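Here the structure comes first, spelled out in structure tokens, and everything after it is commentary.
The values are calculated or read from the model by the stated rules, or taken from the named source; none is laboratory data. Worth saying up front: this structure is predicted, and the values here are computed from it rather than measured. With ideal geometry, Cβ positions are generated from the backbone for all residues, glycine too; neighbour counts draw on all protein chains shown. SASA here: full protein model, heavy atoms, side chains in, ligands and nucleic acids out. Shrake-Rupley method; radii C 1.70, N 1.55, O 1.52, S 1.80 Å.
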Amino acid sequence: MTLLHRIGSKPIIAAVRKLSELNAALESKVDNVFFMGGSASEIIPAVTQVRNAGKHSFIHLDLVRGLSSTDKETIEFVADHIRADGIVTPKSHMVKAAKQAGLYGILHLFVIDSLAVDNGLKLIDQLEPDGIEIMPGVIPKVIETYAAATDTIPIIASGLIRTVDEARTALNAGATSLSVSETALWRKSFQDFFPDGI
């Protein structure tokens, strides 16, 4: 199954920064969880909980303590021991390694200026990641640029999205889904954002 189909049916991804938030994510409407905190040893049982709840998990390699964000052996550990569905990272070699290991590789792009946009577009062409996470996620112009560049790679807007209006704006700009830490948004569906239809 492509990542687009895995994340495209529901707009919100729970960005779990503290494992104390995990139960709220498990009880919410989300199908996918991005782990953005905790330690490697804590993440293993947490990912099992996510799987047992019928949801999917992705590890932000730069944000989980005890995982190297540069060593390819980390990918093997995530695949064989943590057993997550995929990883999120700004490092292209780690995205490649994830894909080779049968994990989804999501390329994290921090877009701060037009040069970063151009470099990100070039990297996407070369790398062909399974997904693209754009941060900050409240800049419709940037989302539109990436959405126009590819119709097969899902665009995940992330960062600073706190309200229904901000979420709706990002989705209207072309985001496939939104990675948000605002727990109130975890209970929202497409119908909540677009009551009159898209």
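Could you tell me which of the pairs Lys55/Lys188; Lys10/Lys55; Lys91/Lys122; Lys29/Lys99 are separated by over 23 angstrom between their Cα atoms in the structure shown? The partial results should precede the final answer.
On the way: Lys55/Lys188 16 Å; Lys10/Lys55 12 Å; Lys91/Lys122 14 Å; Lys29/Lys99 27 Å.
Distance filter (> 23 Å) returns Lys29/Lys99.
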Practice problem: Between beta-carbons, use under 14 Å as the cut-off and find the net charge around Phe34, counting Lys and Arg +1, Asp and Glu -1. | Solution: -2
Quiz prompt | Sum of -39500 (n - 2.57) over DSSP H runs of 4+, divided by residues of the chain (222 nm, nearest 500) | solution = -10500 deg cm²/dmol
Exercise. Work out which helices of the chain, taken as complete DSSP H runs, extend at least 15 Å along their axis over the Cα atoms and score a mean Kyte-Doolittle of 0.0 or more, then list them.
Key: 40-52, 114-127
Practice problem: Using +1 at the Cβ of each Lys and Arg and -1 at the Cβ of each Asp and Glu in the chain, identify which of Val47, Gly197, Leu171 lies farthest towards the dipole's positive end. | Solution: Val47
Quiz prompt | Phi to ³J(HN,Hα) by Karplus 6.51 cos²θ - 1.76 cosθ + 1.60 over segment 28-39, Hz, x for Gly, Pro | solution = 8, 7, 5, 9, 10, 10, 9, 7, 10, x, x, 10
Exercise. Find the Cα radius of gyration of segment 1-98, compare it with 2.2 N^0.38 Å by division, and give the number to two decimals.
Key: 1.00
Self-check item: Å² per residue, accessible surface of the chain at 1.4 Å
Solution: 47
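At 1.002 mPa s and 20 °C, plugging the Kirkwood radius over alpha-carbon pairs of segment 73-159 into Stokes-Einstein gives what diffusion coefficient in µm²/s? Working shown, then result.
Details: Rh = 13.1 Å.
This corresponds to a translational diffusion coefficient of 163 µm²/s.
For the chain, with all protein chains present and a 1.4 Å probe, just round the carbon and sulfur fraction of the accessible area to a whole percent.
49
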Quiz prompt | Two-site label geometry, Gln126 and Phe190: point separation in nm, points 7 Å out along Cα→Cβ | solution = 3.5
Quiz item: In 10 Å bins starting at 0, how do the alpha-carbon pair distances of segment 119-163 split up by percent?
Solution: 27, 58, 13, 1
Quiz item: For Ala15, which sequence-distant residues (separation of 5 or more, or a different chain) have an amide H within less than 5 Å of its own amide H, given hydrogens modelled in the peptide plane?
Solution: Phe34, Val180, Ser181
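Averaged over every viewing direction, what's the projected area of the C-alpha convex hull for segment 65-117? Give it in nm², one decimal, please. Walk me through the intermediate numbers first.
Details: hull surface 15.9 nm².
Hull-based average projected area comes out at 4.0 nm².
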Practice problem: For Glu27, Glu73, Glu133, Glu21, write out the residues from largest to smallest accessible area, computed with a 1.4 angstrom probe and no ligands counted. | Solution: Glu27, Glu73, Glu21, Glu133
Exercise. Just name one of Leu115, Phe77, Leu4: the one whose Cα is farthest towards the positive end of the charge dipole of the chain (beta-carbon charges, Lys/Arg +1, Asp/Glu -1).
Key: Phe77
Quiz item: On alpha-carbon atoms, Rg over Rh for segment 45-198 using Kirkwood Rh?
Solution: 0.97
